[in-house]
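Step one of this worksheet: look at the structure below.
Bear in mind that the values in this text are calculations on the coordinates, not laboratory data. Treat the numbers as computed from the prediction; the structure is a model and nothing was measured. Please note: Cβ atoms are built from the backbone with ideal geometry, for glycine as well, and neighbour counts cover all protein chains shown.
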Amino acid sequence: GENVEQHPSTLSVQEGDSAVIKCTYSDSASNYFPWYKQELGKRPQLIIDIRSNVGEKKDQRIAVTLNKTAKHFSLHITETQPEDSAVYFCTADSWGKLQFGAGTQVVVTP
Amino acid sequence: GAGVSQTPSNKVTEKGKYVELRCDPISGHTALYWYRQSLGQGPEFLIYFQGTGAADDSGLPNDRFFAVRPEGSVSTLKIQRTERGDSAVYLCASSLGGLAGNNEQFFGPGTRLTVL
């Protein structure tokens, strides 16, 4: 079945710096890769997604890249702010079901 | 509009008891998903409905777990003979559907199940 690996597990950055989270997946049939942000005690919320016919997508301070050949995808957050502190999950959609990475705890210190 | 809702928000039960968890999806969403999230981990897929039928139930851990969606809207996740290891947050999500997936899934707030 699908296996999504995510690194790092924790990431501490200074406010204003960039944060990068990297993921790999195993199912070559996956072609939709959403990223979710989850604050403590809250539901996961979609922040950005990318489909396999696109290599890169950007939305303000957030960008995602996808390398289908290498089965790698990554999230980049620029100019980090304290409200970016949360757990971020990469996911790969495999015929409807999302396979989640283990999550990255991002802490942005002022 | 209203998002995905789940009831109860918290459920405490004793080992061996039966529990039902309810999910109300976003109106018009034909696909509904159940996930389980243990502390410090990512959500784990349990089952996915397209309409009234289970399109994929490969994530259900064993036959104590069962889910229904009789009218293609509300879904109930049923757990028999609960065990302490079943303690987790049970998340429900819905999407516009289609058997190939690739649609944004909107999550509910979850039900925190504690088995004593």
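Some observations on this one:
- Segment B:69-92, residues that are in contact (Cβ under 8 Å) with a residue 60 or more places away in the chain, out of contact with any Ser or Thr (no Cβ under 7 Å at 6 or more places or on another chain) and part of a loop (DSSP other than H, G, I, E, B): B:GLN80, B:ARG81, B:GLU83
- Identity of the residue in segment A:11-43, within 12 Å of chain B (Cβ to nearest Cβ), of a type outside the set (A, V, I, L, M, F, W, C) and within 13 Å of the chain's Cα centre (by Cα), that ends up farthest from A:ALA86 (Cα to Cα): A:TYR32
- Selection status of B:GLY53, farther than 23 Å from A:PRO34 by Cβ, more than 9 Å from chain A (Cβ to nearest Cβ), exposed (fewer than 14 other Cβ atoms within 10 Å of the Cβ) and not basic (Lys, Arg): yes
- Total residues in segment A:27-49, condition outside any strand (DSSP E or B) and either of a type outside the set (D, E, K, R) or touching a residue at least 40 places away in the same chain (Cβ under 8 Å) (or both): 9
- Scanning segment A:58-97 for residues that are of a type in the set (Asp, Glu) and surrounded by 17 or more Cβ atoms within 10 Å (Cβ to Cβ) yields a total of 2.
- Residue check, A:VAL54 in a strand (DSSP E or B) and out of contact with any helix residue (DSSP H, G or I) (no Cβ under 6 Å at 6 or more places or on another chain): no
- Single residue of segment A:67-93 satisfying the filter (away from chain B (no Cβ under 14 Å) and assigned to a strand (DSSP E or B)) that is farthest from B:GLN41 (Cα to Cα): A:ASN67
- Filter pass, A:PRO8 being within 14 Å of another protein chain (Cβ to nearest Cβ) and either touching a strand residue (DSSP E or B) at 6+ places or on another chain (Cβ under 7 Å) or crowded, with 17+ Cβ neighbours inside 10 Å (or both): no
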